[in-house]
Amino acid sequence: MLQIAAIREHKEKFAEALKKRNIDANPMLDKALSIDENRRNLQAKLDETLAESNRLSKQIGDLFKSGKTQEANELKEKTGSLKEASKVLSELLNNAVEALQQVLYTIPNIPQDSVPAGNSDTDNEVVSEHGDMPKLMDNALPHWELAKKFDIIDFELGNKITGAGFPVYKSKGARLQRALINYFLDKNTEAGYTEMQVPLLVNEASGFGTGQLPDKEGQMYHVGIDDLYLIPTSEVPITNIYRGDLLDLKDLPITMTGYTPCFRREAGSYGSDVRGLNRLHQFDKVEILRIEHPNKSDGALDAMVVHVKGILEELELPYRILRLCGGDLGFTSTLTYDFEVYSAAQEKWLEVSSVSNFKAFQANRLKLRFRNGENGTELAHTLNGSALALPRILASILENYQVENYINIPKALIPYCGFERID
RNA sequence: GGAGAAGUGGCAGAGUGGUCGAAUGCACUGGUCUUGAAAACCAGCGAGGGUCACACCUCCAGGGGUUCGAAUCCCUUCUUCUCCGCCA
């Protein structure tokens, strides 16, 4: 959520930047500003009446204490109209605050200068490509067939137990998955991220805090009886650890990592996008998160990109880095780099990480602030990224590392797997 | 799930109808002292709204109510603790 004070100051600049998202933000911004003006007027009026009634109450107290009951009772009569007025005003004020909130919820974050304009993922800017394309044998198989051939992932079993998009990992497939989780967590903690284990169900306040609600309500599984949501990413519970907190300057930066399964309804997805492991309703992901001083968040984003690169290079997977265009940029982000690995048998680039700087957008919703060491408090900046999402890494390992009768395990993972090949 | 108790500032902990945004201690910040540090002493020290700045308003778990006036009384939700039950 943007800060209304910032909109007051930079309206033109914001509207200009939001064009990159292909939206004309002027109507929304104007609406927010006019509601805000009204809000402040109402606040001033309400304050006045409350001040007056506070004065009267104090007088009445004094009069009672000095035994002037008669006069006190006379004053009491006067308070009735003030009470009435403040009731009306505070109702109007609440409405205004609510209305402002509603408008602000609909305005996405401001893209940074470096974000290219564009409509869709085809307009994303390829920043760099790394690694060599694997040369597969002629009869190379896509990962869903490899999974069947070596009996390591069973999609039908998942259908039986739950439904499409909930695969069952078996034997070496399960072990490889667990190896990846441990490997990622180790890489992240070595880089200074503190490991967290968090709940997989979150309440509404947490969903609002990180911005999944109200924008993406339909994308989350909702447990109605207890009014809880299954997390679509560990970003939600991990970031919400600090919801409402006021940190000291010296607490920053805060860096965390966590492994969780993630649950996404993925309504509206279809075709080859959802084939095999490409898009699932439940998948594993290891996430890294940072809470940063506003001056440091740009550098932090770069550091996260370098970190993720390091992991992909150690896994020896060909990958490329994209800078998302305005049209593809997430609602809450100011700048996002996507990492895609090449999955050689299906000849597809698969997104395995998305690293974003949210600046103060989430923090404003979260009320996540720090004492800036000068005159007061300031919203912190939040960032997060995948390091990494499991299924597509798994898919590309299976496909890229396949040879005639077995699949090799990347060197870095052998100690974690306890075997060198899947056969 | 049942029965009790409790939720106050970063933490601990006073405060049961007006003088309480809230004692005190710790922590923190600045200063004195010291070669330096510690200790001691002095001063400051919650947040949000609002204002050029003041004034002023709001906040004592969340929501609602009683009252001229609520941290304090009532209702309700949530959370924590103790005991009982159930249980990985």
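Observations
- Filtered by the rule that a residue be more than 18 Å from residue A:239 (Cβ to Cβ) and of a type in the set (D, E, K, R), the range A:176-199 gives A:178, A:186, A:187, A:190.
- The residue of the range A:390-410 that is surrounded by the most Cβ atoms within 10 Å (Cβ to Cβ), among those that are part of a strand (DSSP E or B) and touching a Lys or Arg at 6+ places or on another chain (Cβ under 8 Å), is A:407.
- The range A:64-79 residues that are without any contact (Cβ under 8 Å) to a residue 12 or more places away in the chain and assigned to a helix (DSSP H, G or I), paired with ones that are surrounded by 13 or more Cβ atoms within 10 Å (Cβ to Cβ) and not hydroxyl-bearing (Ser, Thr, Tyr) (beta carbon under 7 Å, 6 or more apart): A:64/A:72; A:71/A:63
- Here the condition is being within 12 Å of RNA strand B (Cβ to nearest atom), in contact with a helix residue (DSSP H, G or I) (Cβ under 9 Å, 6 or more places away or on another chain) and under 30 Å from residue A:211 (Cβ atoms); of A:30, A:113, A:36, it holds for A:36 alone.
- Just one of (1) touching a residue at least 12 places away in the same chain (Cβ under 8 Å); (2) within 13 Å of RNA strand B (Cβ to nearest atom); (3) not in a helix (DSSP H, G or I) fails for residue A:53. It is (3).
- Residue check, residue A:232 assigned by TED's automatic domain parsing to the domain that holds residue A:356, modelled with pLDDT of 85 or more and in a helix (DSSP H, G or I): no
- In the range A:334-356 there is no residue matching the filter, namely being closer than 19 Å to residue A:215 by Cβ, crowded, with 22+ Cβ neighbours inside 10 Å and aromatic (Phe, Trp, Tyr).
- Flag for residue A:21 being in contact (Cβ under 8 Å) with a residue 40 or more places away in the chain, within 11 Å of RNA strand B (Cβ to nearest atom) and surrounded by 17 or more Cβ atoms within 10 Å (Cβ to Cβ): no
- Residue within the range A:100-109 that is within 12 Å of RNA strand B (Cβ to nearest atom) and part of a helix (DSSP H, G or I) present: yes
- Of all the listed residues (A:99, A:85), the sole one being surrounded by 14 or more Cβ atoms within 10 Å (Cβ to Cβ), among the aliphatic types (A, V, I, L, M) and over 28 Å from the mean Cα position of the chain (by Cα) is A:85.
- Selection within the range A:367-397 - within 16 Å of RNA strand B (Cβ to nearest atom) and polar (S, T, N, Q): A:372, A:375, A:377
- Filter result for the condition that a residue is part of a strand (DSSP E or B), at pLDDT 95 or above and within 19 Å of the chain's Cα centre (by Cα), over A:284, A:302, A:298: A:284
The values are calculated or read from the model by the stated rules, or taken from the named source; none is laboratory data. Here the structure is a predicted model, which means the values were calculated and not measured. Please note: Cβ atoms are built from the backbone with ideal geometry, for glycine as well, and neighbour counts cover all protein chains shown.
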